[in-house]
1. For a quick check of your reading of the model, give me the residue pairs whose first member lies in region 81-98 and is free of Cβ contacts under 8 Å to residues at least 12 places away in the same chain and within 20 Å of THR166 (Cβ to Cβ), whose second is buried (at least 16 other Cβ atoms within 10 Å of the Cβ) and not aliphatic (A, V, I, L, M), with beta-carbon atoms closer than 7 Å and at least 6 apart or on different chains.
2. Being surrounded by fewer than 21 Cβ atoms within 10 Å (Cβ to Cβ), touching a residue at least 12 places away in the same chain (Cβ under 8 Å) and either out of contact with any Lys or Arg (no Cβ under 9 Å at 6 or more places or on another chain) or farther than 17 Å from ASN73 by Cβ (or both): is that true of THR155 here?
3. Have a look at THR166, THR196 and point out the one that is out of contact with any strand residue (DSSP E or B) (no Cβ under 9 Å at 6 or more places or on another chain) and under 22 Å from GLY14 (Cβ atoms).
4. Could we say that LEU148 is farther than 19 Å from ALA21 by Cα, part of a loop (DSSP other than H, G, I, E, B) and in contact with a helix residue (DSSP H, G or I) (Cβ under 8 Å, 6 or more places away or on another chain) here?
5. If we scan region 115-130, do we find a residue that is of a type outside the set (Val, Ile, Thr) and over 26 Å from ARG74 (Cβ atoms)?
6. Hey, could you check region 21-50 for residues that are assigned to a strand (DSSP E or B) and in contact with a helix residue (DSSP H, G or I) (Cβ under 7 Å, 6 or more places away or on another chain) and say which is nearest to GLU98 (Cα to Cα)?
Amino acid sequence: MHNDLYLNEAPKDGPAVFIVAGIHGNEPAGVLAATQLAEEITPGKGKLLILPRANVPAIEAERRYLPGEMDLNRVFPVEIPENPTEELAQEIYSLIQEHSLDVIIDLHESREFYSLDPNRVGQTIIFNEHPVARAIVQRLLEEINQMLPEREQFTCLFPTTEGSLTRAAAQEGLLTFIFETTKKLPLQNRIFQHKTLVILTLGYLGMLDKKCPKVKKFSG
């Protein structure tokens, strides 16, 4: 995998959570938030994987995806890859079985507020069917919105898009979320919102504990 995957296995049992960003190369807030989280988060239970730069060529080009290629978040799952996009999707998706993942959190950005344009999804939490998903989303909305001015507050949508990593994983029984900010907000606001939503979610899952080894980084 042409990127860095951060892995932290805590000393106590707990859920295995995968945080991914940069599936679309023109969405920098998620990439920066995930990179910072990889250096800062020390879970006390379970396993935490963070992939901040999932689609490196698109990130370097600052494009959603490269000309002539496919949207990476529309091809999951892949059985037999036939092009570079599908090869990357298969490589990312293989982490589900390799690490026995329970939860996937995917960080994204949209051009506009969902409240102003329902064709866009800025400031939304998008989730799929799962026994605990709705309860977690409700708690997230209550807590994050208390921190934000009215125009920046989040709402929820259901389900995630067909062909997305989260939709495919949800069909295998994983708990999955997409956290979408909007580029209409300053970059630092978006980074803060991504990080806050992730930290809150990990807290709800009972993973956070200060007594934990530091995050390890390795190139895959």
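1. PRO81/GLN90
2. Numbers: surrounded by fewer than 21 Cβ atoms within 10 Å (Cβ to Cβ): yes; touching a residue at least 12 places away in the same chain (Cβ under 8 Å): yes; either out of contact with any Lys or Arg (no Cβ under 9 Å at 6 or more places or on another chain) or farther than 17 Å from ASN73 by Cβ (or both): yes.
Answer is yes for this residue.
3. THR196
4. yes
5. Within region 115-130, not a single residue is of a type outside the set (Val, Ile, Thr) and over 26 Å from ARG74 (Cβ atoms).
6. From region 21-50, those assigned to a strand (DSSP E or B) are 21, 43, 45-50; that's our starting set.
Now restrict to residues that are in contact with a helix residue (DSSP H, G or I) (Cβ under 7 Å, 6 or more places away or on another chain): 21, 43, 49-50.
Working: ALA21: 19, PRO43: 20, LEU49: 11, ILE50: 14 Å.
This residue is LEU49.
Residues checked against (1) in a strand (DSSP E or B); (2) closer than 22 Å to ASN55 by Cα; (3) not hydrophobic (A, V, I, L, M, F, W, C):
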residue	(1), (2), (3)
PRO118	no, no, yes
HIS130	no, no, yes
VAL137	no, no, no
THR161	no, yes, yes
ASN189	no, no, yes
LYS195	no, yes, yes
ILE199	no, no, no
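Table: residues versus (1) free of Cβ contacts under 8 Å to residues at least 40 places away in the same chain; (2) under 13 Å from ALA29 (Cα atoms); (3) not hydroxyl-bearing (Ser, Thr, Tyr).
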position: PRO159; (1), (2), (3): yes, no, yes
position: GLY163; (1), (2), (3): no, no, yes
position: ALA168; (1), (2), (3): no, no, yes
position: PRO186; (1), (2), (3): yes, yes, yes
position: ASN189; (1), (2), (3): yes, yes, yes
position: GLN193; (1), (2), (3): no, yes, yes
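Just so you know, all these numbers are worked out from the coordinates, no wet-lab data involved. What you are looking at is a predicted structure, and each value in this text was computed from that prediction instead of being measured. No Cβ is skipped: glycine too gets one built from the backbone with ideal geometry, and neighbour counts run over all protein chains shown.
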